[in-house]
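Working notes, beginning with the structure itself.
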Amino acid sequence: MGVYRDVGHVVARVMSIETIDGTKKAGWQSRYQSGFPESCPTGGGLSAHERLTQDSMTRAALHRELPELAWRLLVARYSINDIEVAQAIHWLVPRVVCPGHHLFKMKCVTAWAIPRRLGPAFYQLHTWDADGTPERTLRRWRQETKRWLEDQLDAAFRAATPLLESRGLIESSAA
């Protein structure tokens, strides 16, 4: 069975599963390695199809066994599927612990989940409030909300670790 380096590696692979294809690559593509090399260059002896199947099964197990909040946070932050991310954000907004109103929560969670893009005024803090709340208060709200989201995300990773270790999918527990 293929083995992942750590929980971050698992999340990166299962949240980007849609980019993995089973098509035959040209010779140079099969030799090209971008970014951090896999610890097992052949994927633990698995074919590309078997690796995709493993990633899909791992994703399904995490979705099924993680608490809903943990799963939605992972999807909102790491998924490459825009529709899935939007659904996760929509689910998170009413549940996020934040002293701000709905508009503020919606924009804050969205800004946390989606990397900052150049140009959009969406990320400007003064657009997150229509009530004339002082900017200092908005900054405090943003900091509290971001801290809560990050704490919950850390808890999601901690919750995923024993699930993956019990299946022997994390490198450290495979030996």
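A short reminder: the numbers here are calculations on the coordinates, not readings from a lab. Please read these numbers as outputs of a predicted model, since none were measured by experiment.
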### Summary
With x for Gly and Pro, the residue-by-residue ³J(HN,Hα) of the range 91-107, computed from phi through the Karplus equation 6.51 cos²θ - 1.76 cosθ + 1.60 at θ = phi - 60° and given in whole Hz, is 5, 6, 3, x, 9, 5, 8, 7, x, x, 7, 4, 4, 4, 4, 4, 6
### Query
Hey, any idea what the orientation-averaged projected area of the convex hull of the range 59-102's Cα atoms comes to, in nm²?
3.3 nm²
### Summary
Per residue, the convex hull enclosing the alpha carbons of the range 105-155 has a volume in Å³ of 73 Å³
#### Entry: Whole-Hz ³J(HN,Hα) from phi, Karplus 6.51 cos²θ - 1.76 cosθ + 1.60, for the range 138-152, glycine and proline x
4, 5, 5, 4, 4, 5, 5, 5, 4, 4, 4, 4, 5, 4, 5
### Query
In whole Å and largest first, what semi-axes does the C-alpha gyration tensor of the range 49-175 yield when each eigenvalue is scaled by 5 and square-rooted?
33, 15, 12
#### Entry: Relative contact order of the range 62-150, pairs being alpha-carbon contacts under 8 Å that are 6 or more residues apart, as %
26 percent
